[in-house]
Amino acid sequence: MPGTPFDARTALAHLARGAREERLVHVRHLPRREAELVPWPTWVDPGVYAAWSGAGITHLWSHQAEVAALARAGRHTVCATGTASGKSLGFLLPVLTALAEGSHAPTGRGATALYLAPTKALAADQLARLEAMAVPGVRAAVYDGDTPPDERRWIRDHAHYVLSNPDLVHHGLLPGHRHWAPFLRALRFVVVDECHVYRGVFGSHVSAVLRRLLRVAARYGSRPTVLFASATVADPATLAGALIGQEVTAVTRDGSPREATTFALWEPPMLSEDTRRSAVSETSSLLADLVLQDVQTVAFARSRVGVEAVAAATRRDLADVNPALAPRIAAYRGGYLPEERRELERALRDRDLLGLAATTALELGIDIEGLDAVLIAGWPGTRASLWQQAGRAGRAGAESLAVLVASDDPLDTYLVHHPEAVFEAPVEASVFDPENPHVLTPHLAAAAAELPLTEADTEWFGPSVPALAEALVAGGVLRRRPAGWYWARPDRPSDHVELRGIGQTVRIVESRTGRVLGTVEEARADAAVHTGAVYLHQGQQYVVTELNLANAAAQVVAGDPGWSTQARSVSEFHILSTAREVWWGPGHLCFGSVEVTTQVTSFLRRLPTGEVIGEHPLDLPRRTLSTVAVWWTLPEDELALAGIGEAEIPGALHAAEHASIGLLPLIATCDRWDIGGVSTALHPDTGLPTVLVYDGHPGGAGFAEQGFRQAEVWLTATLEAVRACACAAGCPSCVQSPKCGNGNDPLSKPGAVGVLDHLLTGR
């Protein structure tokens with residue numbers, strides 16, 4: 001009941017009763033942590049102090065005071081502490097104090113600050129917090145794609161604290177920086193919230209935007225201090241430093257209190273010899289059981305479709321047992337209107353809602369705490385996200401329950417059976433390459449349009465500036481003059497760069513209405529929205545009637561044809577150069593540049609039972625990707641010693657490749673869809689049986705390099721995951737892949753075990 005102390009162990013015991021007992025693989029009890037309190041700094045503006053002390057906050061936690069002191073001293077700082085640890089207060093103290101002090105300047109704006117969040121919702125939440133504080137003399141406003149033109153002018157001319165996102169800075173502020181001159185001239189702080197999400201290609205783009213911002217600010221005479229807030233990540237100083245190309249000080253000792261947590265690892269049952277119940281179905285059953293116990297719970301799923309499925313299934317389960325509880329279940333995801341989100345948040349706080357299915361929109365800093373339990377449907381991608389989501393539970397003074405429900409995936413299978421990899425291993429590094437030429441080159445063009453590029457700009461963008469600028473001159477994009485490189489075209493370069501990908505996108509258009517349902521990167525369009533493909537959008541099925549690559553559009557019609565589709569493709573790779581290599585006995589492990597060529601050649605139609613009812617040819621172009629990869633080789637005679645005959649080699653390597661892709665997210669902050677793989681029994685460049693895993697983005701995104709650096713940990717975990725899987729011949733939990741272009745054929749689970757075991761014996 002509300003107000004009754006929550007007993008997490010009792011709630012978990014109820015979930016694991018009877019036939020479910022075997023599904024509870026591991027339980028870990030995390031003890032309570034006491035707060036480290038310190039007094040407020042004497043330099044804090046009285047109005048700022050009054051805003052917090054009025055809410056009863058008269059002391060700081062130690063990490064908040066440390067961040068505030070470093071920021072006040074002008075040191076770039078990153079705070080990487082746990083969920084609900086008050087990171088915002090740490091950066092708001094110096095920022096709001098500077099803004100309040102600057103409000104006494106003749107212009108009324110002697111200091112300004114820019115706050116950047118990865119989502120509009122998070123910026124809106126920060127604004128609501130600032131407005132509730134009502135610090136005298138400080139004007140704050142959100143500036144994003146939804147801001148009307150007249151408000152934009154007012155914000156540019158009058159706001160002290162502007163809350164925005166990297167996309168708007170890229171598309172709006174920087175191209176029109178002359179309109180922002182007074183704001184930029186007074187810019188004292190840039191706050192980059194939730195910076196751990198800036199990884200891979202997105203991280204490379206955001207890094208370039210931040211460097212362009214600091215370069216333009218310097219043009220107006222300001223050198224702002226950059227403050228980063230992050231979930232717990234490995235080496236946050238390196239991550240933040242790579243984002244801006246400057247030294248950053250990390251604050252990682254968490255001085256906030258934490259109530260005790262009971263954390264369970266849960267594996268759904270096998271439904272047949274090679275099929276396991278889905279994490280979404282299992283999570284909806286657990287959510288219904290917790291709600292029946294009056295346990296207020298949020299269930300995280302990785303996709304919008306998954307969220308809606310969890311909420312709908314939970315309501316159905318409750319309708320059969322206690323119909324009055326079904327309306328107290330809701331879904332929460334991106335795409336909702338602000339008023340819908342606010343109402344859901346209010347209903348949670350008031351316990352009108354007992355169960356909520358949510359995407360990471362609820363993970364990224366939205367101000368909801370005090371739930372009893374958290375269910376996580378499938379590994380969320382990183383340990384940082386795991387702890388962010390688990391931290392959403394825990395009322396003040398009460399313990400909480402967190403349950404990770406494994407999905408049918410090699411990484412999930414490994415983690416629930418190796419709890420030390422969840423609870424004792426350090427969090428992953430956020431990986432990206434700020435000097436990826438495929439990303440940096442268009443940003444240099446944008447920078448040249450903002451201010452002419454010179455060789456001195458290596459300070460901001462690194463040593464490759466002259467070479468990349470000359471390549472842009474050769475392409476007619478820039479013009480070389482004695483004073484530097486100038487933008488040479490009539491259009492805006494920022495319009496050609498999307499921060500959340502590389503290259504062109506294909507629009508998915510509903511034929512009947514002309515409505516654009518979404519977009520997909522051109523490189524993925526061949527497999528995802530080819531003619532005849534069944535496309536799923538927010539639970540609704542569509543059939544692609546035409547993919548027109550020339551017009552960058554796929555036409556779709558709504559309807560469920562009764563089958564699903566899977567693209568089939570052929571791939572090959574060429575090794576361009578080897579940057580690093582190591583020998584493990586007869587095994588040879590390498591990292592370097594490769595060229596991967598892929599062509600989607602056909603697609604399969606499958607009934608819900610999995611039965612293939614047809615294969616249909618496709619006429620699509622060959623796609624070539626220049627990227628980086630990690631690869632390894634073993635001679636045939638060594639494979640024979642491992643008990644793998646010549647006929648079994650293709651299936652053994654193919655299965656090892658799939659499993660390796662599935663486990664790479666264990667050590668690198670990537671999703672299996674960010675990477676690809678190829679295996680062959682005899683590769684012309686190596687002359688040997690070869691397995692290769694590559695970054696699925698031009699120029700690379702840092703994932704394969706992380707795999708090479710931690711190859712022993714990565715491949716050992718891969719071997720253990722395949723070996724421990726309960727299936728007989730290979731399943732999605734070990735060696736089958738949902739994205740395989742060959743229809744998961746051939747595959748040899750025993751062969752994969754033999755290959756990986758023999759490779760690792762030489763390390």
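The values are calculated or read from the model by the stated rules, or taken from the named source; none is laboratory data. Since we're looking at a predicted model, the values are computed, not measured. Virtual Cβ from ideal backbone geometry, glycine too; neighbours counted across all protein chains shown. These accessible areas exclude ligands, DNA and RNA; they are computed on the full protein's heavy atoms, side chains included. Shrake-Rupley method; radii C 1.70, N 1.55, O 1.52, S 1.80 Å.
Note on H104 and H59: their simple-model spin labels are 3.1 nm apart, each label 7 Å out from Cα toward Cβ.
Rolling a 1.4 Å probe over the heavy atoms of the protein chains gives segment 238-300 an accessible area of 33 Å² per residue.
Over segment 1-145, calculate the relative contact order: mean separation of alpha carbon pairs under 8 Å at least 6 apart, over the residue count, as a percent.
Result for segment 1-145 is 18 percent.
Could you order H179, H63 so the one with the most accessible surface comes first? Probe is 1.4 Å.
Details: H179 120, H63 0 Å².
Output order, biggest surface exposure first: H179, H63.
Got the relative contact order for the chain handy, in percent, Cα pairs under 8 Å and 6 or more residues apart?
Values: 1639 pairs, mean separation 88.4, N = 763.
Over the chain, the number comes to 12 percent.
Enclosing the Cα atoms of segment 13-71 in their convex hull gives a volume equal to 151 cubic angstrom per residue. Expressed as a whole percent, the proportion of Cα-Cα pairs in segment 387-454 lying more than 17 Å apart is 68%. Centre-to-centre, using Cα atoms only, segment 175-215 and segment 712-726 are separated by 41 Å.
Which number comes out as Rg/Rh for segment 37-79 once both Rg and the Kirkwood Rh are worked out on C-alpha atoms? Numbers along the way, then the final one.
Working: Rg = 10.7 Å, Rh = 11.0 Å.
Using Cα coordinates only, the ratio equals 0.98.
For segment 668-749, with all protein chains in place and a probe radius of 1.4 Å, 50% of the accessible heavy-atom surface sits on carbon or sulfur.
Report, to one decimal in Å, the Kirkwood hydrodynamic radius for the chain based on all distinct Cα pairs.
On the way: mean 1/r = 0.0360 Å⁻¹.
That comes to 27.8 Å for the chain.
Per residue, segment 662-725 exposes 29 Å² of accessible surface when a 1.4 Å probe is rolled over the protein heavy atoms with every protein chain present. Our coupling estimate for segment 601-617, obtained by passing each phi through the Karplus curve with A = 6.51, B = -1.76, C = 1.60 and θ = phi - 60°, is 10, 6, 9, 9, 9, 10, 6, x, 6, x, 5, 7, 10, x, 10, 10, x Hz, Gly and Pro reported as x.
Per-residue extension of 0.36 nm, minus the Cα-Cα distance of E522 and T252, leaves a gain of 93.2 nm for this segment. For segment 444-531, the alpha-carbon coordinates run over 55, 25, 21 Å along the three principal axes, in decreasing order.
Can you tell me the accessible area per residue over segment 1-128, all protein chains present, probe 1.4 angstrom, in square angstrom?
On the way: 5690 Å² over 128 residues.
I get 44 Å² per residue for this part.
Three semi-axes describe the equivalent ellipsoid of segment 213-274; taken as square roots of 5 times the Cα gyration tensor eigenvalues and ordered largest first, they are 42, 19, 10 Å.
Under a 5 Å amide H cut-off, with hydrogens placed 1.01 Å from N, V226 pairs with H76, T77, V190 among residues at least 5 apart or on other chains. Based on the reciprocal of the average 1/r between different C-alpha atoms, the Kirkwood radius for segment 565-631 equals 14.5 Å. The value obtained for segment 516-641, namely the Cα convex hull volume divided by the number of residues, is 171 Å³ per residue.
Compactness ratio of segment 152-305: Cα Rg over 2.2 N^0.38 Å, N = residue count? Walk me through the numbers on the way to the answer.
Details: Rg = 22.3 Å, N = 154, 2.2 N^0.38 = 14.9 Å.
In units of the globular-protein estimate, segment 152-305 measures up at 1.50.
Principal axis extents of the Cα atoms in segment 379-509, from largest to smallest and rounded to whole angstrom, are 66, 42, 32. Exposed loop sites were defined as GluC sites (Glu not before Pro) in DSSP loop states (anything but H, G, I, E or B) carrying at most 10 other C-beta atoms within 10 Å; in the chain the longest segment without such a site runs 35-246. The 3J(HN,Hα) values that the Karplus relation (6.51, -1.76, 1.60; θ = phi - 60°) gives for segment 546-553 are, in residue order, 7, 10, 10, 5, 5, 9, 6, 8 Hz. Gly and Pro appear as x. Considering every alpha-carbon pair of segment 430-487, the percent of pairs per 5 Å bin, from zero through the bin containing the longest distance, is 4, 21, 34, 25, 9, 4, 2, 1. Cross-link reach is defined here as a Cα-Cα straight distance under 27 Å, omitting same-chain residues fewer than 8 places apart; for K120 the lysines meeting it are K87. In plain terms, the chain from S564 to Q541 could stretch by 7.3 nm, reckoned as 0.36 nm per residue minus the Cα-Cα distance. Would you mind pulling out the separation of the Cα centroids of segment 663-690 and segment 620-661, in Å? Rounded to whole Å, the Cα centres lie 8 Å apart. Give me log10 I(q)/I(0) at q = 0.18 Å⁻¹ for segment 160-231, Debye formula, one equal scatterer per alpha-carbon, no solvent. Log10 I(q)/I(0), no solvent term: -0.69.
Computed FRET efficiency, Cβ-Cβ of H158 and F423, R0 35 Å: what is it to the nearest 0.05?
Numbers: r = 50 Å, r/R0 = 1.42.
Once the sixth-power term is evaluated, E becomes 0.10.
Computed from Cα atoms alone, the Kirkwood hydrodynamic radius reported for segment 480-527 is 13.8 Å.
In segment 138-197, Cα pairs under 8 Å separated by at least six residues give a relative contact order of 34 percent.
Considering only the Cα atoms of segment 227-349, their convex hull presents on average a projected area of 12.2 nm². Taking 0.36 nm per residue of sequence separation and removing the Cα-Cα distance, the R342/E21 pair yields an extension gain of 111.7 nm. Listed by chain and number, the lysines placed with their C-alpha closer than 23 angstrom to that of K739 are K749; residues fewer than eight positions away on the same chain are left out.
Once you reduce segment 235-281 and segment 411-445 to the center of their Cα atoms, the two points are 12 Å from each other.
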